[in-house]
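**Q** Quick one: structure below, then a few questions.
The values are calculated or read from the model by the stated rules, or taken from the named source; none is laboratory data. Predicted, not measured: the structure shown is a model, and the values here were computed from it. For neighbour counting, all protein chains shown are included, and Cβ atoms are generated from backbone atoms with ideal geometry for every residue, glycine included. Side chains are part of the model used for accessible areas, which takes the heavy atoms of the whole protein and leaves out ligands, DNA and RNA. Shrake-Rupley method; radii C 1.70, N 1.55, O 1.52, S 1.80 Å.
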Amino acid sequence: QVQLVESGGGLVQVGGSLRLSCAASGSFFTINAMGWYRQAPGKQRELVAVISSGGTTTYADSGKGRFTISRDHAKNTVYLQMNSLKPEDTAVYYCNADVSTVTYYVTRNYWGQGTQVTVSS
C-alpha cells in the first residue's frame, strides 16, 4: 500500500507564490510518473503538471511559465512551485503517482487527499 501526503496549500494573494509538496510512503518497487491535478468547485479535475521518473515534465497551458514541477527521488517527493498566482488557480490540488508495486510491470495509480489553494483578489 502507498500513501501520498500533500502539504503546502493555503491562502495567498494574487501574484503570490506557494510551494506544494507530496511525499509518498509505504511498500513499493519504484515510483514512475508523479503529478499534480486540481479541481475547482463545479469543475472536473484537470492536469496541472506531471514529471516522469527521468525528469521529463509536462504542463497544462494554464500553468506554463508560472508553475514548476520537480521531484526528489531519494525522498519520494514531488513539488509544485506556483508563482504569479491568479484567482482562477483556486482549487483543491491533488497529488498523483503511478507506482510499480511488486515488480516494474505491476503498476497502480494513487491519489493524495488534496490540499486547498485559495488565491484572493
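**Q** Taking residue 107, is it modelled with pLDDT under 95 and open to solvent by less than 50 Å² (accessible area, probe 1.4 Å)?
**A** When the stated conditions are applied, residue 107 does not pass them.
**Q** Name the single residue, out of those in segment 1-23 being part of a strand (DSSP E or B) and not hydrophobic (A, V, I, L, M, F, W, C), that is farthest from residue 112 (Cα to Cα).
**A** Of everything passing the filter in segment 1-23, 13 is farthest from residue 112 (Cα to Cα).
**Q** Within segment 24-47, restricting attention to residues that are of a type in the set (Ser, Thr, Tyr) and assigned to a strand (DSSP E or B), which residue is surrounded by the fewest Cβ atoms within 10 Å (Cβ to Cβ)?
**A** Within segment 24-47, the match that is surrounded by the fewest Cβ atoms within 10 Å (Cβ to Cβ) is 25.
**Q** Need the failing condition index for residue 76 against (1) surrounded by fewer than 15 Cβ atoms within 10 Å (Cβ to Cβ); (2) at pLDDT 95 or above; (3) out of contact with any Lys or Arg (no Cβ under 6 Å at 6 or more places or on another chain), just the number.
**A** Only one criterion in (1) surrounded by fewer than 15 Cβ atoms within 10 Å (Cβ to Cβ); (2) at pLDDT 95 or above; (3) out of contact with any Lys or Arg (no Cβ under 6 Å at 6 or more places or on another chain) is unmet by residue 76, namely (1).
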